[in-house]
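Accompanying notes for the structure given below.
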Amino acid sequence: MKPIVLLGGTFDPVHNGHVAIAEGAAHIFSPEKMIVLPAGNPYQRARLPFASGADRVAMLVAGIGLGSIKVVIDRRELNRTGPTYTVDTLQELRKELGDEIQLIWLIGSDAFSKLDTWHRWQDLFGLTHFAVVMRPGERQLEATVSANLKTAIEHRVATASELNCQPAGSIVYLALMPPEISSTQIRDRCQNGESINGLVPAAVCDYIEQHKLYLNNA
């Protein structure tokens with residue numbers, strides 16, 4: 001049984017860094033499919049996303065294609081009212097997909113290092129594996145995270161092939177080296193009238209220009 005890779009984020013907008021991470025994970029894990037989950041109201045952020053959910057979904061549809069790997073844009077977090085919690089999403093997916101299939105949550109090292117601040121974070125290990133995308137020069141995170149998170153993850157580190165042994169609970173570190181691009185950088189360039197060519201997929205660039213997104217980020 002092939003795994004399912006999950007990629008969450010605000011994608012405000014999706015950019016070439018996201019695409020590189022998705023492509024790298026698809027190559028490593030050869031999943032049955034990749035489920036992309038744009039966030040609705042991320043409870044740890046001080047503000048709502050700048051672009052609407054419909055615009056962010058449209059940019060994802062235009063911007064992420066993985067060849068032979070099926071990509072599904074899952075709108076469930078956009079359809080929720082109130083704060084968005086990853087644990088709720090994973091519990092829903094488990095009910096839909098079953099307890100046996102391997103789920104792999106793709107996450108950047110910065111976000112993963114703060115996992116112990118997430119809602120019901122300890123329950124997450126019973127629902128998914130984590131594939132942590134490391135920054136250049138990083139190897140493991142145990143030395144830089146809180147004592148609680150260190151204790152929770154130090155016995156869970158595995159290789160990509162070892163994830164096949166169980167449906168959830170392990171952590172693999174990925175050295176994918178995506179380009180250093182941020183959505184904030186792209187929004188700032190749009191607001192300043194600067195080009196975003198090369199930072200986002202061409203179809204996403206066209207969409208942003210046509211719909212005049214990110215011209216006022218106040």
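Quick notes
- For residue 123, the requirement of being acidic (Asp, Glu) and under 13 Å from the mean Cα position of the chain (by Cα) is not met.
- Residue list for the range 8-34, filter: in a strand (DSSP E or B) and open to solvent by less than 10 Å² (accessible area, probe 1.4 Å): 34
- The set of residues in the range 77-92 that are of a type outside the set (S, T, N, Q) and either in contact with a strand residue (DSSP E or B) (Cβ under 6 Å, 6 or more places away or on another chain) or open to solvent by 40 Å² or more (accessible area, probe 1.4 Å) (or both) comprises 77, 78, 80, 83, 85, 88, 92.
- Residue pairs meeting the criteria (Cβ under 9 Å; at least 6 apart or on separate chains; first closer than 14 Å to residue 3 by Cα, in the range 90-109; second open to solvent by 20 Å² or more (accessible area, probe 1.4 Å) and hydroxyl-bearing (Ser, Thr, Tyr)): 105/86
- Of all residues in the range 153-166, those that are surrounded by 12 or more Cβ atoms within 10 Å (Cβ to Cβ) and under 18 Å from residue 133 (Cα atoms) total 8.
- Top-ranked residue of the range 126-138 - restricted to ones that are out of contact with any Phe, Trp or Tyr (no Cβ under 7 Å at 6 or more places or on another chain) and over 20 Å from residue 103 (Cβ atoms), ranked as surrounded by the most Cβ atoms within 10 Å (Cβ to Cβ): 138
- Count of the range 167-198 residues which are open to solvent by less than 30 Å² (accessible area, probe 1.4 Å), closer than 30 Å to residue 126 by Cβ and of a type outside the set (A, V, I, L, M): 2
- Residue that is of a type in the set (Lys, Arg) and either open to solvent by less than 80 Å² (accessible area, probe 1.4 Å) or outside any helix (DSSP H, G or I) (or both), where the choices are 70, 95, 150: 70
- In the range 199-213, the residues that are in a loop (DSSP other than H, G, I, E, B) and surrounded by 12 or more Cβ atoms within 10 Å (Cβ to Cβ): 199, 201, 213
- Identity of the residue in the range 35-59, charged (D, E, K, R) and at pLDDT 95 or above, that ends up least open to solvent (accessible area, probe 1.4 Å): 56
- Evaluating residue 12 against the criteria (1) modelled with pLDDT under 95; (2) closer than 19 Å to residue 200 by Cβ; (3) touching a helix residue (DSSP H, G or I) at 6+ places or on another chain (Cβ under 6 Å) leaves one unmet condition, (1).
- Taken together, 110, 123 contain a single residue that is part of a helix (DSSP H, G or I), open to solvent by 50 Å² or more (accessible area, probe 1.4 Å) and under 26 Å from residue 26 (Cβ atoms), which is 110.
The values are calculated or read from the model by the stated rules, or taken from the named source; none is laboratory data. Remember, it's a predicted structure, so these values are computed and weren't measured experimentally. With ideal geometry, Cβ positions are generated from the backbone for all residues, glycine too; neighbour counts draw on all protein chains shown. SASA here: full protein model, heavy atoms, side chains in, ligands and nucleic acids out. Shrake-Rupley method; radii C 1.70, N 1.55, O 1.52, S 1.80 Å.
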